[in-house]
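**Student:** Sharing a structure, written as C-alpha coordinates. Questions coming.
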Amino acid sequence: MKRVFLIVLDSLGVGEMPDAARFGDSGAHTLDHLVAAAGGLDAPNLVALGLGHVSGVSRVPRTSAPRGAFGRCAERSPGKDTSTGHWEMMGCVLEREFPTYSQGFPPEIIDAFVRRAEVPGVLCNAAASGTEVIDRLAPEHIATGKPIVYTSADSVFQIACHEQHFGLERLYRCCEIAREILNPYGVGRVIARPFVGAPGSFKRTYNRRDYSLKPFSETSLDRLGRAGVPVIGVGKIEDIFAGVGVAQSIHTEGNRDGMEHVLKLARELERGFVFVNLVDFDMLYGHRRDPRGYRAALENFDLALGELQGLLRADDLVLLTADHGNDPTFTATTDHTREYVPILACGPRVQPGVDLGTRASFADIGATVEAAFGLAPAGPGRSFFADVVVR
(Lines give C-alpha, C1' and ligand atoms only; values in the text may rest on other atoms or scores of the structure.)
Protein backbone atom coordinates (compact mmCIF):
# COMPACT_ATOMS: atom_id res chain seq x y z
CA MET A 1 0.00 0.00 0.00
CA LYS A 2 1.13 3.55 -0.68
CA ARG A 3 -1.45 5.32 1.48
CA VAL A 4 -3.40 4.32 4.57
CA PHE A 5 -6.09 6.52 6.14
CA LEU A 6 -7.03 5.61 9.73
CA ILE A 7 -10.03 7.67 10.87
CA VAL A 8 -11.02 7.58 14.54
CA LEU A 9 -14.69 8.44 15.10
CA ASP A 10 -13.95 9.58 18.62
CA SER A 11 -16.21 7.72 21.12
CA LEU A 12 -18.30 5.61 18.68
CA GLY A 13 -18.47 2.51 20.88
CA VAL A 14 -20.44 -0.57 19.80
CA GLY A 15 -21.44 -2.20 23.06
CA GLU A 16 -20.27 -2.82 26.61
CA MET A 17 -17.06 -4.73 27.26
CA PRO A 18 -17.26 -7.75 29.58
CA ASP A 19 -15.69 -5.69 32.38
CA ALA A 20 -17.93 -2.65 31.86
CA ALA A 21 -19.54 -3.05 35.28
CA ARG A 22 -16.21 -2.31 36.95
CA PHE A 23 -16.27 1.09 35.25
CA GLY A 24 -19.93 1.75 36.04
CA ASP A 25 -20.88 1.26 32.39
CA SER A 26 -23.14 -1.78 32.36
CA GLY A 27 -25.51 -1.65 29.41
CA ALA A 28 -23.60 1.00 27.45
CA HIS A 29 -23.91 0.95 23.66
CA THR A 30 -23.11 4.30 22.06
CA LEU A 31 -24.11 3.42 18.49
CA ASP A 32 -27.31 1.47 19.14
CA HIS A 33 -28.55 3.85 21.81
CA LEU A 34 -27.95 7.04 19.84
CA VAL A 35 -29.72 5.57 16.81
CA ALA A 36 -32.69 4.51 18.94
CA ALA A 37 -32.89 7.84 20.78
CA ALA A 38 -32.46 9.93 17.62
CA GLY A 39 -35.01 7.97 15.59
CA GLY A 40 -32.73 6.29 13.06
CA LEU A 41 -29.54 6.85 11.09
CA ASP A 42 -29.24 7.83 7.43
CA ALA A 43 -25.66 6.78 6.69
CA PRO A 44 -25.69 4.76 3.45
CA ASN A 45 -21.91 4.59 3.05
CA LEU A 46 -21.34 3.22 6.56
CA VAL A 47 -24.21 0.78 6.07
CA ALA A 48 -22.77 -0.33 2.73
CA LEU A 49 -19.38 -1.05 4.31
CA GLY A 50 -21.04 -3.33 6.88
CA LEU A 51 -21.49 -1.29 10.05
CA GLY A 52 -24.75 -3.13 10.72
CA HIS A 53 -22.91 -6.47 10.54
CA VAL A 54 -20.55 -5.64 13.41
CA SER A 55 -21.14 -8.06 16.27
CA GLY A 56 -23.50 -6.61 18.87
CA VAL A 57 -24.90 -3.87 16.61
CA SER A 58 -28.66 -4.19 16.20
CA ARG A 59 -29.96 -0.70 15.37
CA VAL A 60 -28.09 -0.19 12.08
CA PRO A 61 -29.51 -2.09 9.10
CA ARG A 62 -27.58 -4.87 7.44
CA THR A 63 -26.93 -5.05 3.74
CA SER A 64 -27.06 -8.17 1.60
CA ALA A 65 -23.54 -7.64 0.26
CA PRO A 66 -21.22 -5.52 2.45
CA ARG A 67 -18.61 -3.67 0.42
CA GLY A 68 -16.03 -3.57 3.18
CA ALA A 69 -14.55 -5.73 5.91
CA PHE A 70 -16.08 -5.33 9.35
CA GLY A 71 -15.56 -6.33 12.96
CA ARG A 72 -14.92 -4.94 16.42
CA CYS A 73 -11.94 -4.60 18.75
CA ALA A 74 -11.70 -5.22 22.48
CA GLU A 75 -9.50 -3.00 24.62
CA ARG A 76 -6.77 -4.84 26.52
CA SER A 77 -5.62 -1.80 28.46
CA PRO A 78 -7.54 -0.86 31.60
CA GLY A 79 -9.31 2.43 31.02
CA LYS A 80 -11.68 4.19 28.68
CA ASP A 81 -9.96 7.42 27.73
CA THR A 82 -8.47 9.01 24.63
CA SER A 83 -4.79 8.35 25.36
CA THR A 84 -5.34 4.74 26.40
CA GLY A 85 -7.35 3.99 23.27
CA HIS A 86 -5.08 5.70 20.75
CA TRP A 87 -1.88 4.39 22.33
CA GLU A 88 -3.19 0.83 22.26
CA MET A 89 -4.16 1.24 18.60
CA MET A 90 -0.50 1.93 17.89
CA GLY A 91 0.77 -0.97 19.98
CA CYS A 92 1.37 0.65 23.39
CA VAL A 93 -0.82 -1.43 25.71
CA LEU A 94 -1.09 -0.21 29.30
CA GLU A 95 -0.60 -2.60 32.20
CA ARG A 96 -2.40 -0.34 34.68
CA GLU A 97 -4.79 2.56 34.49
CA PHE A 98 -3.73 6.17 34.52
CA PRO A 99 -4.44 7.71 37.96
CA THR A 100 -7.70 9.59 38.36
CA TYR A 101 -8.76 12.22 40.90
CA SER A 102 -12.53 12.06 41.25
CA GLN A 103 -12.33 13.99 44.55
CA GLY A 104 -10.11 16.71 43.11
CA PHE A 105 -6.35 17.13 43.10
CA PRO A 106 -4.44 17.14 46.41
CA PRO A 107 -3.02 20.35 47.90
CA GLU A 108 0.56 19.55 46.91
CA ILE A 109 -0.44 19.59 43.23
CA ILE A 110 -2.71 22.63 43.41
CA ASP A 111 -0.33 24.63 45.58
CA ALA A 112 2.58 23.95 43.22
CA PHE A 113 0.44 24.94 40.24
CA VAL A 114 -0.73 28.20 41.85
CA ARG A 115 2.81 29.14 42.81
CA ARG A 116 4.51 28.32 39.53
CA ALA A 117 1.72 29.59 37.27
CA GLU A 118 1.53 32.80 39.31
CA VAL A 119 -2.25 32.77 39.62
CA PRO A 120 -4.26 33.86 42.69
CA GLY A 121 -5.76 30.42 43.19
CA VAL A 122 -8.05 28.02 41.31
CA LEU A 123 -11.79 27.46 41.09
CA CYS A 124 -13.64 24.13 41.29
CA ASN A 125 -10.89 21.46 41.64
CA ALA A 126 -13.41 18.65 41.32
CA ALA A 127 -14.84 16.25 38.77
CA ALA A 128 -17.26 18.25 36.65
CA SER A 129 -18.93 18.69 33.27
CA GLY A 130 -16.89 21.18 31.28
CA THR A 131 -19.80 23.15 29.89
CA GLU A 132 -21.60 23.25 33.25
CA VAL A 133 -18.56 24.34 35.23
CA ILE A 134 -17.78 27.12 32.76
CA ASP A 135 -21.34 28.42 32.84
CA ARG A 136 -21.30 28.35 36.64
CA LEU A 137 -17.83 29.68 37.42
CA ALA A 138 -16.78 31.80 34.45
CA PRO A 139 -18.03 35.09 35.96
CA GLU A 140 -15.96 34.47 39.10
CA HIS A 141 -13.00 33.43 36.96
CA ILE A 142 -13.19 36.69 35.02
CA ALA A 143 -13.52 38.74 38.20
CA THR A 144 -10.71 37.06 40.13
CA GLY A 145 -8.31 35.77 37.48
CA LYS A 146 -8.44 32.28 39.01
CA PRO A 147 -8.32 29.48 36.41
CA ILE A 148 -11.10 26.87 36.49
CA VAL A 149 -9.43 23.51 37.20
CA TYR A 150 -11.51 20.35 36.91
CA THR A 151 -11.24 16.67 36.06
CA SER A 152 -13.46 13.74 35.09
CA ALA A 153 -13.44 9.95 35.25
CA ASP A 154 -10.40 10.16 32.98
CA SER A 155 -6.85 10.96 34.02
CA VAL A 156 -7.06 14.63 33.06
CA PHE A 157 -6.17 17.99 34.59
CA GLN A 158 -8.35 20.44 32.67
CA ILE A 159 -7.86 24.20 32.82
CA ALA A 160 -10.64 26.45 31.51
CA CYS A 161 -9.91 30.14 30.98
CA HIS A 162 -11.45 32.98 29.00
CA GLU A 163 -9.45 33.74 25.87
CA GLN A 164 -9.74 37.51 26.18
CA HIS A 165 -9.84 38.08 29.94
CA PHE A 166 -7.14 35.55 30.85
CA GLY A 167 -5.29 35.19 27.56
CA LEU A 168 -4.88 32.17 25.29
CA GLU A 169 -1.08 32.06 25.35
CA ARG A 170 -1.13 32.47 29.12
CA LEU A 171 -3.50 29.51 29.36
CA TYR A 172 -1.16 27.39 27.25
CA ARG A 173 1.76 28.35 29.47
CA CYS A 174 -0.25 27.36 32.56
CA CYS A 175 -0.89 23.97 30.93
CA GLU A 176 2.82 23.49 30.22
CA ILE A 177 3.56 24.20 33.88
CA ALA A 178 0.85 21.78 35.00
CA ARG A 179 2.25 19.11 32.67
CA GLU A 180 5.68 19.42 34.31
CA ILE A 181 4.17 19.21 37.80
CA LEU A 182 2.03 16.18 36.94
CA ASN A 183 4.65 14.09 35.13
CA PRO A 184 5.80 12.33 38.34
CA TYR A 185 2.17 11.53 39.18
CA GLY A 186 1.55 9.88 35.81
CA VAL A 187 -1.57 11.92 34.96
CA GLY A 188 -2.44 11.16 31.34
CA ARG A 189 -3.28 14.59 29.97
CA VAL A 190 -3.44 18.26 30.79
CA ILE A 191 -6.09 19.92 28.62
CA ALA A 192 -6.41 23.61 27.79
CA ARG A 193 -10.12 24.46 27.62
CA PRO A 194 -10.36 28.03 26.32
CA PHE A 195 -13.72 29.73 26.01
CA VAL A 196 -15.20 33.05 24.95
CA GLY A 197 -18.42 34.99 25.53
CA ALA A 198 -20.32 36.57 28.39
CA PRO A 199 -22.67 35.29 31.11
CA GLY A 200 -25.45 33.29 29.49
CA SER A 201 -23.48 32.76 26.27
CA PHE A 202 -20.10 31.26 27.16
CA LYS A 203 -18.75 28.94 24.46
CA ARG A 204 -15.68 26.72 24.30
CA THR A 205 -13.48 27.22 21.24
CA TYR A 206 -11.43 24.94 18.99
CA ASN A 207 -8.22 26.38 20.47
CA ARG A 208 -8.16 23.42 22.83
CA ARG A 209 -4.75 21.79 23.30
CA ASP A 210 -3.87 18.46 24.93
CA TYR A 211 -0.56 18.03 26.77
CA SER A 212 -0.01 14.30 27.01
CA LEU A 213 2.54 12.06 28.58
CA LYS A 214 4.79 10.41 26.03
CA PRO A 215 3.85 6.80 25.18
CA PHE A 216 5.50 4.34 27.53
CA SER A 217 6.87 2.18 24.72
CA GLU A 218 7.69 2.30 21.04
CA THR A 219 4.63 2.57 18.79
CA SER A 220 3.68 1.81 15.21
CA LEU A 221 4.26 5.50 14.50
CA ASP A 222 7.93 5.18 15.48
CA ARG A 223 8.43 2.10 13.32
CA LEU A 224 6.69 3.64 10.32
CA GLY A 225 8.82 6.73 10.61
CA ARG A 226 12.04 4.70 10.72
CA ALA A 227 10.90 2.87 7.59
CA GLY A 228 10.52 6.19 5.77
CA VAL A 229 6.72 6.29 5.83
CA PRO A 230 5.46 9.87 6.36
CA VAL A 231 3.12 9.97 9.38
CA ILE A 232 0.56 12.78 9.22
CA GLY A 233 -1.64 13.49 12.22
CA VAL A 234 -4.96 15.25 11.62
CA GLY A 235 -6.81 16.69 14.62
CA LYS A 236 -5.42 16.06 18.10
CA ILE A 237 -3.19 13.11 17.12
CA GLU A 238 0.03 15.05 17.70
CA ASP A 239 -1.21 16.09 21.15
CA ILE A 240 -2.20 12.54 22.13
CA PHE A 241 1.25 11.19 21.30
CA ALA A 242 3.13 14.25 22.63
CA GLY A 243 4.47 14.69 19.09
CA VAL A 244 6.37 11.38 19.20
CA GLY A 245 6.34 9.64 15.82
CA VAL A 246 4.28 12.33 14.05
CA ALA A 247 6.16 13.94 11.15
CA GLN A 248 3.45 16.43 10.18
CA SER A 249 0.52 17.70 12.21
CA ILE A 250 -2.64 19.42 11.06
CA HIS A 251 -4.73 20.86 13.88
CA THR A 252 -8.40 21.19 13.02
CA GLU A 253 -11.58 22.96 14.06
CA GLY A 254 -13.98 20.05 14.34
CA ASN A 255 -15.12 17.16 12.19
CA ARG A 256 -15.98 19.08 9.06
CA ASP A 257 -12.62 20.84 8.98
CA GLY A 258 -10.86 17.55 9.74
CA MET A 259 -12.49 15.78 6.82
CA GLU A 260 -11.73 18.70 4.50
CA HIS A 261 -8.05 18.19 5.32
CA VAL A 262 -8.40 14.44 4.76
CA LEU A 263 -9.97 15.02 1.35
CA LYS A 264 -7.20 17.44 0.43
CA LEU A 265 -4.61 14.85 1.41
CA ALA A 266 -6.47 12.21 -0.59
CA ARG A 267 -6.15 14.44 -3.65
CA GLU A 268 -2.51 15.45 -3.17
CA LEU A 269 -0.54 13.04 -0.96
CA GLU A 270 1.63 10.55 -2.81
CA ARG A 271 2.53 8.25 0.06
CA GLY A 272 1.99 8.11 3.78
CA PHE A 273 -0.06 7.19 6.83
CA VAL A 274 -2.84 9.66 7.62
CA PHE A 275 -4.01 9.25 11.23
CA VAL A 276 -7.20 11.23 11.94
CA ASN A 277 -9.18 12.02 15.08
CA LEU A 278 -12.68 13.47 14.68
CA VAL A 279 -13.34 14.89 18.12
CA ASP A 280 -16.82 16.40 17.73
CA PHE A 281 -18.58 13.05 18.22
CA ASP A 282 -17.13 12.90 21.72
CA MET A 283 -16.74 16.54 22.72
CA LEU A 284 -19.97 18.01 21.36
CA TYR A 285 -22.40 15.11 21.44
CA GLY A 286 -21.23 12.25 23.67
CA HIS A 287 -20.22 14.30 26.70
CA ARG A 288 -23.17 16.62 26.24
CA ARG A 289 -25.57 13.66 26.02
CA ASP A 290 -26.98 14.76 22.68
CA PRO A 291 -27.98 11.70 20.61
CA ARG A 292 -29.66 13.79 17.91
CA GLY A 293 -26.55 15.88 17.45
CA TYR A 294 -24.47 12.70 17.38
CA ARG A 295 -26.71 11.26 14.67
CA ALA A 296 -26.40 14.43 12.55
CA ALA A 297 -22.61 14.37 12.94
CA LEU A 298 -22.48 10.73 11.79
CA GLU A 299 -24.64 11.53 8.80
CA ASN A 300 -22.40 14.46 7.86
CA PHE A 301 -19.34 12.24 8.21
CA ASP A 302 -21.01 9.66 5.99
CA LEU A 303 -21.28 12.22 3.20
CA ALA A 304 -17.57 13.01 3.50
CA LEU A 305 -16.77 9.29 3.60
CA GLY A 306 -18.53 8.87 0.25
CA GLU A 307 -16.41 11.67 -1.19
CA LEU A 308 -13.24 10.10 0.21
CA GLN A 309 -14.08 6.76 -1.37
CA GLY A 310 -14.36 8.50 -4.72
CA LEU A 311 -10.80 9.79 -4.36
CA LEU A 312 -9.13 6.50 -3.45
CA ARG A 313 -6.31 5.16 -5.59
CA ALA A 314 -5.48 1.54 -6.37
CA ASP A 315 -3.05 1.18 -3.45
CA ASP A 316 -5.14 2.92 -0.77
CA LEU A 317 -6.60 1.47 2.41
CA VAL A 318 -9.14 3.19 4.67
CA LEU A 319 -9.73 2.02 8.26
CA LEU A 320 -12.51 3.39 10.46
CA THR A 321 -12.62 2.84 14.21
CA ALA A 322 -13.12 4.54 17.60
CA ASP A 323 -11.07 4.95 20.78
CA HIS A 324 -13.73 4.26 23.47
CA GLY A 325 -17.47 4.77 23.96
CA ASN A 326 -19.48 7.76 25.14
CA ASP A 327 -23.09 6.66 25.27
CA PRO A 328 -25.17 9.84 24.84
CA THR A 329 -28.17 8.24 26.55
CA PHE A 330 -26.36 7.62 29.87
CA THR A 331 -27.53 10.24 32.35
CA ALA A 332 -25.80 9.26 35.60
CA THR A 333 -22.54 10.85 34.39
CA THR A 334 -21.18 12.63 31.32
CA ASP A 335 -18.08 10.41 31.15
CA HIS A 336 -16.78 7.96 28.56
CA THR A 337 -18.08 4.39 28.55
CA ARG A 338 -16.11 1.15 28.44
CA GLU A 339 -17.06 -0.42 25.10
CA TYR A 340 -15.86 -2.39 22.11
CA VAL A 341 -15.01 -0.23 19.10
CA PRO A 342 -15.90 -0.93 15.46
CA ILE A 343 -13.40 -1.63 12.73
CA LEU A 344 -14.35 -1.12 9.09
CA ALA A 345 -11.92 -1.48 6.17
CA CYS A 346 -12.41 -0.37 2.60
CA GLY A 347 -10.43 0.41 -0.52
CA PRO A 348 -10.02 -0.84 -4.09
CA ARG A 349 -8.18 -3.99 -2.96
CA VAL A 350 -10.25 -4.82 0.11
CA GLN A 351 -12.18 -8.06 -0.16
CA PRO A 352 -15.85 -7.27 0.46
CA GLY A 353 -17.82 -8.97 3.18
CA VAL A 354 -14.91 -10.21 5.32
CA ASP A 355 -15.98 -10.63 8.94
CA LEU A 356 -13.04 -9.76 11.18
CA GLY A 357 -14.93 -10.92 14.25
CA THR A 358 -13.90 -9.63 17.67
CA ARG A 359 -10.23 -8.68 17.77
CA ALA A 360 -8.36 -9.18 21.04
CA SER A 361 -6.82 -5.70 21.08
CA PHE A 362 -7.00 -2.27 19.49
CA ALA A 363 -3.32 -2.94 18.71
CA ASP A 364 -4.42 -5.12 15.78
CA ILE A 365 -5.15 -1.86 13.96
CA GLY A 366 -1.60 -0.53 14.23
CA ALA A 367 -0.21 -3.93 13.28
CA THR A 368 -2.39 -3.88 10.17
CA VAL A 369 -1.15 -0.41 9.23
CA GLU A 370 2.45 -1.60 9.59
CA ALA A 371 1.76 -4.66 7.44
CA ALA A 372 0.11 -2.48 4.80
CA PHE A 373 3.41 -0.65 4.36
CA GLY A 374 5.38 -3.88 4.15
CA LEU A 375 6.67 -3.95 7.72
CA ALA A 376 6.68 -7.03 9.94
CA PRO A 377 4.55 -5.83 12.91
CA ALA A 378 6.48 -5.86 16.16
CA GLY A 379 3.41 -6.66 18.27
CA PRO A 380 1.53 -6.93 20.51
CA GLY A 381 -1.17 -6.58 17.85
CA ARG A 382 -2.01 -9.14 15.17
CA SER A 383 -2.43 -7.79 11.66
CA PHE A 384 -5.57 -8.56 9.67
CA PHE A 385 -4.08 -7.07 6.48
CA ALA A 386 -3.69 -10.42 4.74
CA ASP A 387 -7.28 -11.33 5.61
CA VAL A 388 -8.83 -8.35 3.89
CA VAL A 389 -6.53 -7.14 1.10
CA VAL A 390 -6.19 -8.86 -2.26
CA ARG A 391 -2.55 -8.94 -3.33
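The values are calculated or read from the model by the stated rules, or taken from the named source; none is laboratory data. Because the structure is predicted, anything quoted here is derived from the model rather than measured. Here the Cβ is made from the backbone with ideal geometry for all residues, glycine too, and neighbour counts use every protein chain on show. Side chains included, ligands, DNA and RNA excluded: accessible areas come from the protein's heavy atoms. Shrake-Rupley method; radii C 1.70, N 1.55, O 1.52, S 1.80 Å.
**Student:** Can you give me the long-range amide H partners of E339? Hydrogens built in the peptide plane at 1.01 Å from N, cutoff under 5 Å, separation of 5 or more residues or another chain.
**Tutor:** Counting only residues 5 or more places away or on other chains, the set is M17, G325.
**Student:** Pairs K203/K236; K2/K236; K2/K214; K80/K264; K80/K236; K203/K264: which exceed 26 Å Cα-Cα?
**Tutor:** Working: K203/K236 20 Å; K2/K236 23 Å; K2/K214 28 Å; K80/K264 32 Å; K80/K236 17 Å; K203/K264 29 Å.
The answer is K2/K214; K80/K264; K203/K264.
**Student:** In Å², and per residue, what accessible area does the stretch 256-391 have when probed at 1.4 Å with the other protein chains present?
**Tutor:** Value returned for the stretch 256-391: 37 Å² of accessible area per residue.
**Student:** Among 255-266, 232-243, 23-34, what's the highest-first ranking by average C-beta atoms within 10 angstrom per residue? Numbers along the way, then the final one.
**Tutor:** Details: 255-266: 19.1, 232-243: 23.8, 23-34: 22.1.
Ranked from most to least packed, the peptides come out as 232-243, 23-34, 255-266.
**Student:** Apply the Karplus curve 6.51 cos²θ - 1.76 cosθ + 1.60, θ = phi - 60°, to the phi angles in the stretch 225-241 and return the couplings in whole Hz, x for Gly and Pro.
**Tutor:** Going residue by residue, I get x, 5, 7, x, 8, x, 10, 10, x, 10, x, 8, 4, 4, 4, 4, 9 Hz, with x marking Gly and Pro.
**Student:** Per the 1.4 Å probe, what fraction of the accessible area of the stretch 216-375, in percent, lies on carbon and sulfur atoms?
**Tutor:** Working: 2660 of 5450 Å².
The computed percentage sits at 49.
**Student:** Could I ask something else about it? Amide H to amide H under 5 Å from G357: which residues, 5+ apart in sequence or cross-chain, H placed 1.01 Å off N in plane?
**Tutor:** Here the answer is R72, since their amide H atoms fall under 5 Å of that of G357.
**Student:** Write down the accessible area per residue of the stretch 1-50 in Å², having rolled a 1.4 Å probe over the full set of protein chains.
**Tutor:** Values: 1450 Å² over 50 residues.
Result: 29 Å² of accessible area for each residue.
**Student:** Using mean Cβ contacts within 10 Å as the protection proxy, how do 322-330, 90-98 order, highest first?
**Tutor:** Numbers: 322-330: 26.8, 90-98: 19.8.
The most tightly packed comes first, giving 322-330, 90-98.
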